[in-house]
Amino acid sequence: DIQLTQSPSFLSASVGDRVTITCRASQGIRNYLAWYQQQPGKAPKLLIYAASSLQSGVPSRFGGSGSGTEFSLTISSLQPEDSATYYCQQLNDYPLTFGGGTKVEIK
Amino acid sequence: EVQLGESGGGLVQPGRSLRLSCAASGFAFDEYGLLWVRQAPGKGLEGVAVMSWNSGSAGYADYVKGRFIVSRDNAKRFLYLQLDSLRGDDTAVYFCAKDISQSSAYFYGTDVWGQGTTGIVSS
């Protein structure tokens, strides 16, 4: 199975900060990577698909980049409503796997 | 409105079975790949099973292979997950989800999720 390693597992930042979460795949997955945001008690929400495509309705402060084994999710200007846990997911090969998650806290 | 709704969760003893169902509405069900994802209490997301839009391929996480079976009924617009030989570490909220890509050999991301159904495995 393809393993995804997210870092950091936790980050605390201030409103307006630029934050970046990275996701490293144990083998190449081309651009078959998605990013999700999950609020407590809710289903995940798709933010980015195909590594860099912004899902409809998602604010433009969210951006994704990368290919192969190294990927990143960037929030250009952190907002209070961005407090959540973020997950990457690889869709290149079965089984589809997730990273361990990054909890983002607003200072 | 595009919707997915899971049912079938509950409390079950170790070694027993559950059958989860996911009802779909508001989109061309037979044109999209579908997934089951679970989340144990306080833990992260785990991909459980996936089925392509045309039922041509299915994939399972290693920890459920041989115990869980995914299927779909396009006529009834349902996705199913048969869970056999359940263990305590199968306790989780089980979500069904729809892929964003239409009639594709590949999955690109899950844009619609159900609210989840909880399965608790305990004696």
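The values are calculated or read from the model by the stated rules, or taken from the named source; none is laboratory data. Since the model is a prediction, treat every value here as computed from it, not as a measurement. Don't worry about glycine lacking a Cβ; one is built from the backbone with ideal geometry, like all the others, and counts go over all protein chains shown.
On the stretch given as the stretch A:1-33, residues that are part of a strand (DSSP E or B) and either closer than 29 Å to B:Tyr106 by Cα or in contact with a helix residue (DSSP H, G or I) (Cβ under 6 Å, 6 or more places away or on another chain) (or both) total 11. Going by the conditions given, is B:Leu83 touching a residue at least 24 places away in the same chain (Cβ under 8 Å) and of a type in the set (A, V, I, L, M, F, W, C)? Taking the combined requirement at face value, the residue satisfies it. Picking from residues in the stretch A:23-37 that are within 10 Å of chain B (Cβ to nearest Cβ) and within 13 Å of A:Phe98 (Cα to Cα), the one that is farthest from the chain's Cα centre (by Cα) is A:Tyr32. B:Phe29 versus (1) touching a residue at least 12 places away in the same chain (Cβ under 8 Å); (2) within 23 Å of A:Pro40 (Cα to Cα): which is the lone unmet condition? Failed condition: (2). Screening A:Ala43 with (1) more than 14 Å from the chain's Cα centre (by Cα); (2) closer than 18 Å to A:Asp1 by Cα gives one miss only, at (2).
Give the residues of the stretch B:76-122 that are more than 14 Å from chain A (Cβ to nearest Cβ) and modelled with pLDDT under 95, sorted by residue number. Correct list: B:Ser103 only.
Looking only at residues of the stretch B:45-62 that are loosely packed, with under 15 Cβ neighbours inside 10 Å and not small (Gly, Ala, Ser), we find that the one that is nearest to the other protein chains (Cβ to nearest Cβ) is B:Asp62.
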